[in-house]
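Participant: The structure is given below, and queries will be raised subsequently.
The values are calculated or read from the model by the stated rules, or taken from the named source; none is laboratory data. From a predicted model like this one, the values you see are computed outputs, not experimental measurements. Positions of Cβ are generated from backbone atoms using ideal geometry, with glycine treated the same way; all protein chains shown enter the neighbour counts. Note: accessible area is taken over every heavy atom of the protein model, side chains too, but ligands, DNA and RNA are not part of it. Shrake-Rupley method; radii C 1.70, N 1.55, O 1.52, S 1.80 Å.
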Amino acid sequence: MSLDDLWFDPSKCLIDGEWIAPASGKTLPLVNPSDGTQIGEIARGGQADIDAAVEAARRAYDSTWSRVPAAERGRILAKLGRLVEAKVDALGRLEALDVGKPLKQARADAVALARYCEFYGGAADKLMGDSIPYLDGYTVYTLREPHGVTAHIVPWNYPMQIIGRSVGAALAAGNCCVLKPAEDACLTALAFADMAKEAGLPDGVLNVVPGLGSEAGAALSEHDGIDHISFTGSVATGSMIQASAARHVKPVTLELGGKSPQLVFDDANLDTALPFLVNAGIQNAGQTCSASSRILVQRAVYDEVVARMAERYGQLQVGQAMSDLDLGPLISAKQKGLVEGFIGQGADLETAARGVLNDAPEGGNYVLPTLFAGVKPAHALARDEVFGPVQVIIPFDDEAEAISIANGTDYGLVASIWSENGARQMRAAKAIRAGQVFINNYGAGGGVELPFGGIGKSGHGREKGFEALYGFTTLKTVAALHG
Ligand code: NAD
């Protein structure tokens, strides 16, 4: 795939239904992470473009979208889902080129995007308020109303999935959106917005302004004309965005990182667990907020789990995205440097195993997946988010110790419990501090229907599932005294 196959111009923003060059005329290089070559340019949007996008969204909200019946909003989203589905292959190739994701994983993201459109298309006209029993002579009910204009700041690791869950839910709930994709990954965001036009989304309802976080991102999160911010990305940027939301008294949903554990008890079915233990750490080369980077193992099965995970690690193949191996490159040279720095911090640890390079061109951002064993819970690699293909195995003696280690980081996004003991499953699921707990499986944020989000430094608010629709609406209580 090359950029010649593109059906839109990535050096432009999509504002009010028009492809427009950024007001500054500036662009940013578009780099292929698989070989480090520049393959094109993307728009470097700034304050003026964000102003235009927010104004377009407000106009569309006031004049059109707020009057479109919920069922019709749903139909448009469902049609958009079908258009995405018909282009899964092209979208997958585009994502693989842009972010270095192996083709199969990139296609799975496109399938998930289609499914988000289908799910939220179906949900749009099922978002209802309540009637509330109150005093004699009153009728009281609640209305779930859209915020108005919502801002969506999206990272580079799962652009299609994050756009699906955030923009999909916001549109279904009746909002108009301004989307700022990551500077390292904006092609599928632009492709999606172009398809939304084809699906019949009125002009201005979805606007996309690519650009740097410090320019377009900051201009959007500081903008007085937006009513809600949905952010996915790093803790540092999330905390800045929350501060800016506080200054403007705007609601904000933050989906930040994690250090998600899998707890393997001595009665676990290891044959079932093993593929999940490894895949949850190396999927998308570990660049997943809900990656499972800590494997906690009860001592009776510890040696067996280490040996079996190490065996699998030894087989993991790393290479360019289009070769569709187990892992592609990391997103950027900067991310590669960060992850290698973390791996360097494990010099004092037992390296259980690493993967192998295969078809990895010079200049690509390749890092071999690395498994450390015998790690103490206090070690930096057991506490800090690496955001790369690195997992640590930590032994534990009993359930109480496992829970204490699982809850021992600043994060709380996802966890899983591997055990055949039903009472233990229930106790541990209650005791673990996380937004999602899986029993005898692990979903790295998986499941369009499942509410997702964190506690602690993993963020707050919930996206995905029906729950997201509550976040993208505000509740109005109407109390009528009629005697
Ligand atoms: P980031 O948080 O800086 O970027 C995420 C998004 O926020 C991008 O669209 C970016 O342009 C935008 N942004 C950046 N600065 C901004 C600002 N001042 N105001 C408004 N928007 C801004 O993440 P990054 O620099 O791309 O990656 C750094 C680290 O973040 C990674 O190493 C990883 O640990 C973490 N990360 C987490 C996730 C996640 O899903 N939780 C995703 C990507 C990165």
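Participant: Could you tell me whether segment 247-268 includes any residue that is away from the ligand (no atom under 16 Å from the Cβ) and under 28 Å from GLY100 (Cβ atoms)?
Facilitator: The answer is yes, given that some residue of segment 247-268 is away from the ligand (no atom under 16 Å from the Cβ) and under 28 Å from GLY100 (Cβ atoms).
Participant: Let me ask something else about it. Restricting to segment 198-208, give me the number of residues that are assigned to a helix (DSSP H, G or I) and within 22 Å of LEU30 (Cβ to Cβ).
Facilitator: 0
Participant: Check whether at least one residue in segment 346-365 is within 16 Å of the ligand (Cβ to nearest atom), under 30 Å from CYS186 (Cα atoms) and either modelled with pLDDT of 95 or more or in contact with a helix residue (DSSP H, G or I) (Cβ under 9 Å, 6 or more places away or on another chain) (or both), and report yes or no.
Facilitator: Looking through segment 346-365, at least one residue is within 16 Å of the ligand (Cβ to nearest atom), under 30 Å from CYS186 (Cα atoms) and either modelled with pLDDT of 95 or more or in contact with a helix residue (DSSP H, G or I) (Cβ under 9 Å, 6 or more places away or on another chain) (or both).
Participant: Further, regarding this structure: Of all residues in segment 125-170, which are buried (at least 24 other Cβ atoms within 10 Å of the Cβ), among the aliphatic types (A, V, I, L, M) and touching a Pro at 6+ places or on another chain (Cβ under 9 Å)?
Facilitator: Of everything in segment 125-170, those that are buried (at least 24 other Cβ atoms within 10 Å of the Cβ), among the aliphatic types (A, V, I, L, M) and touching a Pro at 6+ places or on another chain (Cβ under 9 Å) turn out to be ILE153, VAL154, ILE162, ILE163, ALA170.
Participant: Output the qualifying pairs, or none if there are none: Cβ atoms under 8 angstrom, residues six or more apart or on different chains, first residue in segment 232-251 and more than 20 Å from ALA182 (Cα to Cα), second residue within 10 Å of the ligand (Cβ to nearest atom) and assigned to a strand (DSSP E or B).
Facilitator: That search, which allows pairs on different chains as well, returns LYS250/ILE229; PRO251/ILE229.
Participant: I've got another one for you. GLY211 is checked against (1) assigned to a helix (DSSP H, G or I); (2) more than 7 Å from the ligand (Cβ to nearest atom); (3) closer than 28 Å to PRO10 by Cα and fails just one. What number does that condition carry?
Facilitator: (1)
Participant: Which condition number does LYS104 fail, the rest of (1) loosely packed, with under 15 Cβ neighbours inside 10 Å; (2) not in a helix (DSSP H, G or I) being met?
Facilitator: Condition not satisfied by LYS104: (2).
Participant: From the list VAL448, VAL478, pick out the single residue that is on the phi < 0 side of the Ramachandran plot and buried (at least 19 other Cβ atoms within 10 Å of the Cβ).
Facilitator: From the options VAL448, VAL478, the qualifying one is VAL448.
Participant: Further question: Tell me, yes or no, whether segment 325-337 has at least one residue that is more than 16 Å from the ligand (Cβ to nearest atom) and among the aliphatic types (A, V, I, L, M).
Facilitator: Within segment 325-337, one or more residues are more than 16 Å from the ligand (Cβ to nearest atom) and among the aliphatic types (A, V, I, L, M).
Participant: While we're here: Pairs needed: first member in segment 309-335, over 17 Å from VAL390 (Cα atoms); second member anywhere, basic (Lys, Arg); C-beta distance under 8 Å; at least 6 residues apart or different chains.
Facilitator: ALA321/LYS101; MET322/ARG93; ASP324/LYS104
Participant: Let me ask another. Would you mind listing the helices (runs of 4 or more DSSP H) fully within segment 215-315 where at least 3 residues are closer than 30 Å to ASP62 by Cα and in contact with a Phe, Trp or Tyr (Cβ under 7 Å, 6 or more places away or on another chain)?
Facilitator: In segment 215-315, there are no helices (runs of 4 or more DSSP H) which contain 3 or more residues that are closer than 30 Å to ASP62 by Cα and in contact with a Phe, Trp or Tyr (Cβ under 7 Å, 6 or more places away or on another chain).
Participant: For segment 39-72, which positions are among the small types (Gly, Ala, Ser) and under 27 Å from GLY174 (Cβ atoms)?
Facilitator: Selection gives GLY45, ALA52, ALA53, ALA56, ALA57, ALA60, SER63, SER66, ALA70, ALA71.
Participant: Restricting attention to segment 217-240, does a residue exist that is at positive phi, more than 9 Å from the ligand (Cβ to nearest atom) and not assigned by TED's automatic domain parsing to the domain that holds GLN320?
Facilitator: No; the residues of segment 217-240 include none that is at positive phi, more than 9 Å from the ligand (Cβ to nearest atom) and not assigned by TED's automatic domain parsing to the domain that holds GLN320.
Participant: Which one of GLY164, GLY168, GLY174 is in contact (Cβ under 8 Å) with a residue 24 or more places away in the chain and on the phi > 0 side of the Ramachandran plot?
Facilitator: On inspection, the qualifying residue turns out to be GLY174.
Participant: Of the residues ASP51, ASP98, ASP125, only one is in contact (Cβ under 8 Å) with a residue 24 or more places away in the chain and in contact with a His (Cβ under 8 Å, 6 or more places away or on another chain); which?
Facilitator: Answer to the selection: ASP51.
Participant: Taking ALA86, is it open to solvent by less than 20 Å² (accessible area, probe 1.4 Å) and either hydrophobic (A, V, I, L, M, F, W, C) or modelled with pLDDT under 95 (or both)?
Facilitator: Judged against the criteria, ALA86 is not a match.
Participant: Could you identify the single residue in ALA191, ALA172 that is touching a helix residue (DSSP H, G or I) at 6+ places or on another chain (Cβ under 7 Å) and under 24 Å from GLU467 (Cα atoms)?
Facilitator: Every option except ALA172 fails the conditions.
Participant: Can you name the condition, by its number, that PHE8 falls short on among (1) touching a residue at least 40 places away in the same chain (Cβ under 8 Å); (2) more than 25 Å from the chain's Cα centre (by Cα); (3) part of a loop (DSSP other than H, G, I, E, B)?
Facilitator: The number of the failed condition is (2).
Participant: Being among the hydroxyl-bearing types (Ser, Thr, Tyr) and surrounded by fewer than 20 Cβ atoms within 10 Å (Cβ to Cβ) is the filter; apply it to segment 217-260 and report the residue that is farthest from SER293 (Cα to Cα).
Facilitator: My answer is SER244.
Participant: So, restricting to helices (runs of 4 or more DSSP H) that lie completely within segment 352-443, which ones have at least 3 residues that are surrounded by fewer than 20 Cβ atoms within 10 Å (Cβ to Cβ) and assigned by TED's automatic domain parsing to the domain that holds ALA285?
Facilitator: 399-406, 422-431
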